[in-house]
Every structure is written in C-alpha cells, then in structure tokens.
Amino acid sequence: MRVLRVLVVMLSLSAALLAADNPFSGTWNFNPSKSHQISPDMKSSTAHVEADQQSFKLTQEFVDDKGQSMTVSFEAKSDGKQYPVKGDPDNESVSMQRVNQRDVVFTYRKADKVVSKVKVVVSADGKTTTLHVTDYSEAKPKTGTYVYDKQ
C-alpha cells in the first residue's frame, strides 16, 4: 500500500510540473500491464491533477491488492519544502525537486525518515508518465516502475 500511494502522488506531481493548459495536467490511469510493481500490487489507480508552474494539487484514488479503496491528496510547491500528505498512513509529507520540464523527483517522509523516492518522467508526446520508485521502508531498498496513461 505504501508504495502504491507514493506512486500515485508522484504521478500527480509530474503532471503538475507543467502549466494548467499543458497536456500533462488532467486525469491519469494506472497501466498495470506496463508496470513492474513492488509488492503488494495495486489493482487500479486514477490521479486527478490541477497544476500550474508553482502549485500542485493531487487527488488520487486507488484500489489495493485486497480490493480496499483509498484516496490520497496533497497540495505542494516545487520549492524543496515538506508538504503534508492526506489519507496515507505510510507517508506524512512530500517534497519535490524539479529536474527539468518533464522530470521531477519526489521524496516521501514519515517521522522525518525518508520512506521512498520517486523519479517521474513524462513522455515527450504527453501520453505516458513513468514512475521509477525506490522504497526505503525495509532494511533492503526495493525498486519498481509504474506507468500511467493520460485519459
């Protein structure tokens, strides 16, 4: 669940990196057939993003491997500060570092400890976002790749 929620947040923030009229803002759907998930697997996920160059608003709904639904949300800025994550018991805050127009890195924390990092890459055609996740919640870090398609 923790990694899934982080992924959702990361996808949404990547869309937010671009101006509100940019094709990356909007609604994104998880594509499990193109993804390599960290267990436990996520069954479905939809990210709704409202964004401009300074602010990012995400609402993410997803269903986990046990059929349980969850909604995660946050509002953040690309200023390196920590912002609260709502609805996710595994992540208390997120910070964002913009790499360039199509790449961003998110760092999630709980109790001031880094829980995961996600590098988000938006495709040149604006139809796909790929999240490269490293989960630090256990002794040995795990990695996964999550793909989202624009609706």
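Using the basic label-point model (7 angstrom from Cα toward the beta carbon), what is the LYS113 to LYS127 distance in nanometres?
Reported label-point gap for LYS113 and LYS127 is 4.3 nm.
Could you give the length gained on full extension between SER33 and LYS81, defined as 0.36 nm per residue of separation minus the Cα-Cα distance, in nm?
Extra length available between SER33 and LYS81 comes to 13.9 nm.
Please compute the length gained on full extension between ASP41 and ASP65, using 0.36 nm multiplied by the number of residues separating them and subtracting their Cα-Cα distance.
8.1 nm
So which lysines can LYS77 reach, going by Cα to Cα under 28 Å and dropping same-chain residues fewer than 8 places off?
Within the straight-line limit of under 28 Å, LYS77 reaches these lysines: LYS57, LYS86, LYS110, LYS113, LYS117, LYS119, LYS127, LYS142, LYS150.
How would you classify region 36-151 from its alpha-carbon gyration tensor, with a ≥ b ≥ c the square roots of the eigenvalues: rounded for a/c under 1.5, else prolate if a/b is greater than b/c, otherwise oblate?
rounded
No value in this document is a laboratory result; all are computed from the given coordinates. Predicted model, so just to flag it, every value in this text is computed and none were measured. Neighbour counts are summed over all protein chains in view; Cβ atoms, including those assigned to glycine, are modelled from backbone coordinates with ideal geometry.
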